[in-house]
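> Structure incoming, see below.
No lab work stands behind these numbers, since they all come straight from the coordinates. Just so it is clear, the structure is predicted and the values come from calculations on it, not from any experiment. Neighbour counts are summed over all protein chains in view; Cβ atoms, including those assigned to glycine, are modelled from backbone coordinates with ideal geometry.
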């Protein structure tokens, strides 16, 4: 697996000491903060294009994208921006005591609001909207995530991210 500068490696630690489960359960409506910046360079865009088969020139041909494309140069795939969210969010969401497993449940209202130019840096702004116990020992978590582009007022992406967390035995 190729490393990209500025990205935490697999298993990178989250920020902060573990949060007590009771505090986590009461944390709806809290702005959790922002991640560090991640540079989305042409190598990353090209690797994503090869992996997904999305080989549009606006992503993989900077010269042609500058001459013929609508954005003045090569831009990242919207799905590349979205796929970087876990790597950024892990920096913001504190671990929680008593959690056995976390499962991605999906996204609601994903919007790609602005293109990310090749070479730009992005970061994730995270807000916890809700924490609900759907079944005994099963939590439904909703976070609003905004992917910001350095130096731009309009974000790259906005999404509501749902996850299901399972409590450890006895938690």
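> Taking neighbour counts of Cβ atoms within 10 Å as a proxy for exposure, in what order, fewest first, do 37, 161 appear?
If I rank by nearby Cβ atoms, fewest first, I get 37, 161.
> If each DSSP helix of 4+ residues adds -39,500 (n - 2.57) and the sum is divided by the residues in the chain, what number results at 222 nm, nearest 500 deg cm²/dmol?
For the chain, the value works out to -5000 deg cm²/dmol.
> Suppose we keep just the DSSP beta bridges with both residues in region 112-171; what percent of those would be antiparallel, to 5?
Among the beta bridges of region 112-171, antiparallel pairing accounts for roughly 100 percent.
> What FRET efficiency do you get for residue 132 and residue 39 if R0 is 41 Å and r is their Cβ-Cβ distance, rounded to the nearest 0.05?
Working from the Cβ atoms, E equals 0.70.
> Pulled fully out, how much extra length does the chain show between residue 113 and residue 67, if you take 0.36 nm times their separation in residues and subtract their Cα-Cα distance?
14.3 nm
> Write down, largest first, the equivalent ellipsoid semi-axes of region 74-131 in whole Å, where each equals the square root of 5 times an eigenvalue of the alpha-carbon gyration tensor.
The three semi-axes for region 74-131 are 26, 13, 10 Å.
> Okay, next question. Report the full-extension gain for the segment residue 51 to residue 169: residue separation times 0.36 nm, less the Cα-Cα distance, to one decimal in nm.
Difference between extended and current length: 38.6 nm.
> If you don't mind, another one. First measure r as the distance between the Cβ atoms of residue 104 and residue 158, then evaluate 1/(1 + (r/R0)^6) with R0 = 22 Å and state the FRET efficiency to the nearest 0.05.
With a Förster radius of 22 Å, E is 0.80.
> When only alpha-carbon atoms are used, what values of Rg and Dmax, in angstrom, describe region 49-108?
Calculated on Cα positions, Rg and Dmax stand at 17.0, 54 Å.
> Now a separate question. To the nearest Å, what is the center-to-center distance of region 101-124 and region 20-80, using C-alpha atoms only?
Centre-to-centre distance over Cα atoms comes out at 7 Å.
> If you scale each eigenvalue of the Cα gyration tensor by 5 and take the root, what three semi-axes come out for the chain, rounded to whole angstrom and sorted largest first?
Sorted largest first and rounded, they come to 34, 15, 14 Å.
> Another question, if that's okay. What's the ranking of 70-80, 134-144, 46-56 by average number of surrounding C-beta atoms within 10 Å, highest first?
By packing density, highest mean first, the sequence is 70-80, 134-144, 46-56.
> Can you tell me the FRET efficiency between residue 20 and residue 121 if r is taken as the Cβ-Cβ distance and R0 is 30 Å, rounded to the nearest 0.05?
Efficiency, rounded to the nearest 0.05: 0.30.
> I'd like the orientation of helix 42-52 relative to the chain: the angle between its Cα long axis and the longest Cα principal axis, in ° from 0 to 90, rounded to 10.
70
> While we're looking at this one, here's another question. If you build a Gaussian network model of the chain, linking Cα atoms that sit under 10 Å apart, which residue out of 150, 133, 91 swings the most?
Its mean-square fluctuation being the largest, the pick is 133.
> Ranked from highest to lowest mean number of other Cβ atoms within 10 Å per residue, what is the order of the peptides 17-25, 117-125?
The most tightly packed comes first, giving 117-125, 17-25.
> For region 78-171, evaluate the Debye formula with one uniform point scatterer on each Cα (no solvent term) and list log10 I(q)/I(0) at q = 0.22, 0.23 Å⁻¹, rounded to two decimals.
Cα-only, vacuum Debye calculation for region 78-171: -1.08, -1.15.
> Of 90, 63, 38, which has the largest mean-square fluctuation in a 10 Å C-alpha GNM of the chain?
Of the options given, 63 has the highest mean-square fluctuation.
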